[in-house]
Amino acid sequence: MLEMRAAVLRGPEPMVVEQVELDGPEASEVLVRIVACGVCHSDFHVLRRARAGALPIPTVLGHEAAGVVEAVGSSVHTVEPGDHVVLAFRPTCGRCPYCVRGTPQICERPDRRSRSAAGKRPRLRLAGQPLLQGIGVGGFAEYTVMPEGGVIPIRKDVPLETVCLVGCAVTTGVGAVIYTAHIEPGCDVAVLGLGGVGLNIVQGARLAGARRIIGIDRVAAKFDLARQLGATDLIDASSENVLERVQAISGGYLDYAFEAIGRGETVRQAFEMIRPGGTAVAVGLTTEEVTLPGMGLLREKKLVGSMYGSASVMDAIPRMIDLYCQGQLCLDELISKRRPLEEINEAFADLQSGAVARSVLMIANR
Ligand SMILES: [Zn+2]
Ligand SMILES: [Zn+2]
């Protein structure tokens, strides 16, 4: 058992960094010393639900983490102590029907490999009481124990405090474009919501050779960065008629629309703005009902869901990092602020206000 510091969410009050206990790795698990962890909208979503009593607390959030392998269980083969790794918040089991059919992003048993005799993860405790790991990682802590399938080895010549973003926002956003939608060069794309994931959809579309990339958001302060990452047109949803503007820019033939907000209403809007035969991709974390105009289906419009960018993380994460090293994928530009773990509440306030593209919490020095 290991004692360490973690930012604990107990309820409506601010999170507090305190001492917690972590069990060492079982046979198929890996102990990782976390160096940095990004603050993602999904954490905020979980935080709100936990505070509303819809999810159990206490919990440690954080799922966009990178670090160094500290120890491995006896059956672990893919990593060894000292390896640099990015953590995947949806570990894959490698054996279920989804994994063996090549769709590990919807693995039905992401925590199976770490299931202890007692039943389930997590391995954390606060003063002897169970402490949950929000979204599978518990990255706002000095260490975590993950199943082998959630620990992705990466090259050592890249800064962990930057490539941690590949653990969620980058793979989710870029993956939605290249693995979920498979867009064609020359197509026209709209992106609803220019947060961490939406900006990565923009740069994924640029990488894939889209002609027009229309960024849509209610906060015009995000437009400069979106343009830098590849957006060709920008629509301020707080003051403009989004559907009319999209129709005008695309001549009525928008091929793809990506929703990166997570609301039923904007998923519908994405479906409405595409041309007959076009594809709307729901990337945001939507728990609301989605209603669609049925006529669109008769015109062969498609709505597809995207989980973790439909990426096979073991393959996709090192690939994205190579694209970063080649200068094709922007990561530094996405990080507006780095803060110590103790400033976690300030980082969440920034996220809520839309003041930053991404904050990264620095947990340890390499
Ligand atoms: Zn995330
Ligand atoms: Zn599986």
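The values are calculated or read from the model by the stated rules, or taken from the named source; none is laboratory data. Note that the coordinates shown come from a computational prediction; the quantities given were computed from them, not determined experimentally. Here Cβ is always computed from backbone atoms with ideal geometry, including for glycine, and neighbour counts include all displayed protein chains.
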So which of L243, L254 is in contact with a Gly (Cβ under 9 Å, 6 or more places away or on another chain) and either more than 26 Å from H45 (Cα to Cα) or part of a helix (DSSP H, G or I) (or both)?
L254
Subset of the stretch 103-126 (residues that are closer than 19 Å to G24 by Cβ and at pLDDT 85 or above)
L124, R125, L126
In the stretch 82-102, which residues are surrounded by 12 or more Cβ atoms within 10 Å (Cβ to Cβ), at pLDDT 95 or above and either out of contact with any Gly (no Cβ under 7 Å at 6 or more places or on another chain) or not assigned by TED's automatic domain parsing to the domain that holds V35 (or both)?
D83, H84
Scanning for something of a type in the set (F, W, Y), out of contact with any Pro (no Cβ under 9 Å at 6 or more places or on another chain) and at pLDDT 95 or above, does the stretch 313-331 turn up at least one residue?
yes
Please tell me if C96 is more than 17 Å from the chain's Cα centre (by Cα) and near ligand 2 (Cβ under 8 Å from one of its atoms).
yes
Pair list, Cβ under 6 Å, 6 or more apart: the stretch 243-268 residue within 23 Å of H182 (Cβ to Cβ), other residue of a type in the set (D, E) and buried (at least 24 other Cβ atoms within 10 Å of the Cβ):
S250/D188; L254/D188; D255/D188; T266/E259; V267/E259
Which residues, taken from the stretch 72-113, are part of a loop (DSSP other than H, G, I, E, B) and within 16 Å of ligand 1 (Cβ to nearest atom)?
A88, F89, R90, P91, P110
Considering only helices (runs of 4 or more DSSP H) fully contained in the stretch 150-234, which possess at least 3 residues that are closer than 13 Å to A260 by Cα and not charged (D, E, K, R)?
169-175, 196-207
Yes or no: the stretch 180-197 includes at least one residue that is under 20 Å from A65 (Cα atoms), modelled with pLDDT of 95 or more and not assigned by TED's automatic domain parsing to the domain that holds T92.
yes
The stretch 249-296 - residue that is charged (D, E, K, R) and within 25 Å of the chain's Cα centre (by Cα) and, of those, surrounded by the most Cβ atoms within 10 Å (Cβ to Cβ):
E259
Going by the conditions given, is A169 touching a helix residue (DSSP H, G or I) at 6+ places or on another chain (Cβ under 7 Å), farther than 26 Å from E26 by Cβ and among the small types (G, A, S)?
yes
Please list, ordered by residue number, the helices (runs of 4 or more DSSP H) wholly in the stretch 260-329 having 2 or more residues that are not assigned by TED's automatic domain parsing to the domain that holds H182.
313-325
Go through the stretch 5-58 and count every residue that is closer than 18 Å to V72 by Cα and either out of contact with any strand residue (DSSP E or B) (no Cβ under 7 Å at 6 or more places or on another chain) or of a type outside the set (D, E, K, R) (or both).
11
Test each condition in (1) among the charged types (D, E, K, R); (2) under 18 Å from the mean Cα position of the chain (by Cα); (3) not assigned by TED's automatic domain parsing to the domain that holds V356 for R227 and report the one that comes out false.
(2)
Residue in the stretch 128-159 that is nearest to the chain's Cα centre (by Cα), counting only those that are closer than 18 Å to R358 by Cβ and surrounded by fewer than 24 Cβ atoms within 10 Å (Cβ to Cβ)
I135
So which residues in the stretch 136-175 are over 23 Å from V197 (Cα atoms) and among the aromatic types (F, W, Y), if there are any at all?
Y143
